[in-house]
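One structure below.
The values are calculated or read from the model by the stated rules, or taken from the named source; none is laboratory data. What you see is a predicted model; the values in this text were computed from it and never measured. Every residue, glycine as well, gets a Cβ built from its backbone with ideal geometry; the counts of neighbours run over all protein chains shown. For the accessible areas, the whole protein counts, side chains as well, though only heavy atoms, and no ligand, DNA or RNA atoms are used. Shrake-Rupley method; radii C 1.70, N 1.55, O 1.52, S 1.80 Å.
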Amino acid sequence: MQVLTANRLDNGRVVFLAEDGRWVSLLGEARIAHDPAAASELEVLGAADEQACRVVGCYLIPVAQRDGRVEATSARERIRAQGPSVQNAAA
């Protein structure tokens with residue numbers, strides 16, 4: 001199983017492509033590709049949104065379902081999915 005991730009152009013936040021074509025910040029709301037054909041379709045959708053300057057850096061990440069939740073399988077992607085580990089301080 002895989003989902004498509006990217007970063008927003010306006011603020012750099014990590015996002016995931018949802019079923020309805022929106023980019024969402026919660027991994028649990030992402031559209032899941034269960035086979036190679038579905039994964040390829042996600043890549044095509046992501047490329048179109050990159051061309052339209054909605055997001056940047058689209059790529060697929062492996063996920064698994066554990067205890068009824070969708071989780072990234074790599075440590076790097078789990079950290080990305082949880083949001084920034086350091087918040088910017090106001091100057």
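Observations, loosely collected:
- Filter pass, residue 61 being among the hydrophobic types (A, V, I, L, M, F, W, C), surrounded by 11 or more Cβ atoms within 10 Å (Cβ to Cβ) and at pLDDT 95 or above: yes
- Close Cβ contacts (under 9 Å, 6 or more residues apart or on different chains) running from residues in segment 4-29 that are at positive phi to residues that are surrounded by 12 or more Cβ atoms within 10 Å (Cβ to Cβ) comprise 12/56; 21/31; 21/45; 21/49.
- In the condition set (1) within 18 Å of residue 80 (Cα to Cα); (2) among the small types (Gly, Ala, Ser); (3) open to solvent by 60 Å² or more (accessible area, probe 1.4 Å), residue 37 is compliant with all but (1).
- Residue among 86, 56, 70 that is of a type in the set (Val, Ile, Thr), surrounded by fewer than 16 Cβ atoms within 10 Å (Cβ to Cβ) and at pLDDT below 95: 86
- Selection status of residue 75, aliphatic (A, V, I, L, M) and modelled with pLDDT of 95 or more: no
- Qualifying residues in segment 1-34 (those that are of a type in the set (S, T, N, Q) and open to solvent by 30 Å² or more (accessible area, probe 1.4 Å)) - the one farthest from residue 77 (Cα to Cα): 11
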